[in-house]
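In what follows, a structure is listed as structure tokens, so that the remarks can point back to it.
The values are calculated or read from the model by the stated rules, or taken from the named source; none is laboratory data. Because the structure is predicted, anything quoted here is derived from the model rather than measured. Ideal geometry is used to build each Cβ from the backbone, glycine not excepted, and the neighbour counts take in all protein chains shown.
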Amino acid sequence: MQDILWEEVIPGGHHWSGILRRGNTLTLTDLEGDANASALFYNKDEKLERYNMPDTLKAQHTAFLTTGNVCYSDMGRIFCSITADTVGWHDTICGVSDAALIEKKYGKANFQSHRNQMYRNGKDGLLIELGKWGLGKRDLVPTVNFFSKVVANDDGVLTYQPGNSQQGDTVDLRFEMDTLVVLSTSPHPLDPKKQYQPATIKLTASRTGDVGTVDVCRNHCPQNQRGFINTDRYYAS
Amino acid sequence: MLTTSQLIPEHAVIDEVCPAGEPWMGLVKKGQIFRILDLEGNQAVDTLFYNADDPEERYSAADTIQRQANLYLTTGSILFSSEGNPMATIVADTCGRHDTLGGACAAESNTVRYALDKKPMHSCRDNFMHALAHCDCAHHLNMTKRDITANINFFMNVPVTSNGGLSFADGISAPGKYVEIRAAMNLAVLISNCPQLNNPCNAYNPTPVRLLVWD
């Protein structure tokens, strides 16, 4: 990580969007512990192409994401690869909170009474960022919820796992496409904490450098090898 | 939970067969009951629901899972919209479990999942896009690929283990099994009767399904 391009801190509950280019890596750092960073990915040049949760899970036969996994678009290509991860489990099943859920769980805290400590929710944060790029409700699909863990029992009943991410934990996303990244650090919808105290995260963008031939993500499974071929063909010149 | 229905086909206002591998689109009004019947067994029926009066509001797999803290759909499950509103409730189910994680097959995802040369095979997304372009009831809704989101796979079995494994397992449906929903708003229903031949979701043999609506 010598070649840092920029860093930015996102307070808990806030929202962010920006472009990460093919050949750059974004490191997300949980600065407080128990963070949640709900993320969506879009092709910068053709925003109809977007993160696809079902394709990501079924291609890799997993119900969660960690090192070796990649985030697929709906066009059989790879937005980004998880090349390093000190957390071990990132949820992509549960979606985000909305205004009604946040008020029900934590009460009401608007700007007039709380200024910038107001309670923000995941859905509205993502919609605000999507709107800045000409996108909207039709583009809001299931997210990756970095740092959060939810497990299912045999009957499919879901339980949120507190303590999944500790202060200082990181996950590295190596971008394989020029990608619009949209984020919200609002609480995970199944987080049972009674106080609205979403954790702050840090974004660090750096140049990826040489990938080498032995790549943990490309060689994770034959499906990912084909996903990389599709992605390389898209950028062939 | 397994539950049966007392409704009889003679009283249905819509009673159609969707052939193997084809799309279907129709309107189900608020309060009507919609049945999908697996005629020959183990047939995945990829289904999306839209608010027929405002299709920007649509079925949300993540909201449906999150708000009930459960991965699977069966009797009593509420199908939630992207606005957090109930769109429909499953009121009868003789299969017992339906998937909403597995999404729909597409030419492009088939290249990843199976082989690069599988791209020409027919797929659910092709069906969805064909229906949006041609069905009379879709014409005024102005829907496109942008509106195709994570769907329900009725009769499909995608078990998730406690350590996060996910597989496409052999189906638990059988000839004559059905699922019924009661619409809580006017619904535009978009179906692809899945043509996938590369995994067991259709027992490697796609077959027709019967679609019925009662007032």
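Figures for the structure shown
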| item | result |
| --- | --- |
| Matching residues in the stretch B:163-177 - criterion: being closer than 15 Å to A:LEU57 by Cα and either touching a strand residue (DSSP E or B) at 6+ places or on another chain (Cβ under 6 Å) or part of a loop (DSSP other than H, G, I, E, B) (or both) | B:ASN163, B:GLY164, B:LEU166, B:SER167, B:PHE168, B:ALA169 |
| Test: residue in the stretch A:137-146 that is within 22 Å of A:LYS58 (Cβ to Cβ) and assigned to a helix (DSSP H, G or I) | yes |
| Members of the stretch B:127-150 found to be in contact with a Ser or Thr (Cβ under 9 Å, 6 or more places away or on another chain) and at the interface with chain A (Cβ under 8 Å from one of its Cβ atoms), listed by number | B:THR149, B:ALA150 |
| Test: residue in the stretch A:89-110 that is of a type in the set (A, V, I, L, M, F, W, C) and under 23 Å from A:THR204 (Cα atoms) | yes |
| Hits in the stretch A:59-82 - residues which are more than 8 Å from every other protein chain (Cβ to nearest Cβ), under 20 Å from A:VAL150 (Cβ atoms) and among the aliphatic types (A, V, I, L, M) | A:LEU65, A:ILE82 |
| Members of the stretch A:85-123 that are away from chain B (no Cβ under 12 Å), buried (at least 19 other Cβ atoms within 10 Å of the Cβ) and of a type in the set (D, E, K, R) | A:ASP85, A:ARG120 |
| Residues located in the stretch A:217-237, provided they are closer than 23 Å to A:THR56 by Cα and either under 15 Å from the mean Cα position of the chain (by Cα) or at pLDDT below 95 (or both) | none |
| Filter result (within 14 Å of the chain's Cα centre (by Cα) and within 11 Å of chain A (Cβ to nearest Cβ)) within the stretch B:81-97 | B:ARG97 |
| When residues of the stretch A:199-215 are limited to those that are aliphatic (A, V, I, L, M) and modelled with pLDDT of 95 or more, the one surrounded by the most Cβ atoms within 10 Å (Cβ to Cβ) | A:ILE201 |
| Per-region count, the stretch A:159-183, residues touching a helix residue (DSSP H, G or I) at 6+ places or on another chain (Cβ under 7 Å) and either among the aromatic types (Phe, Trp, Tyr) or not in a strand (DSSP E or B) (or both) | 2 |
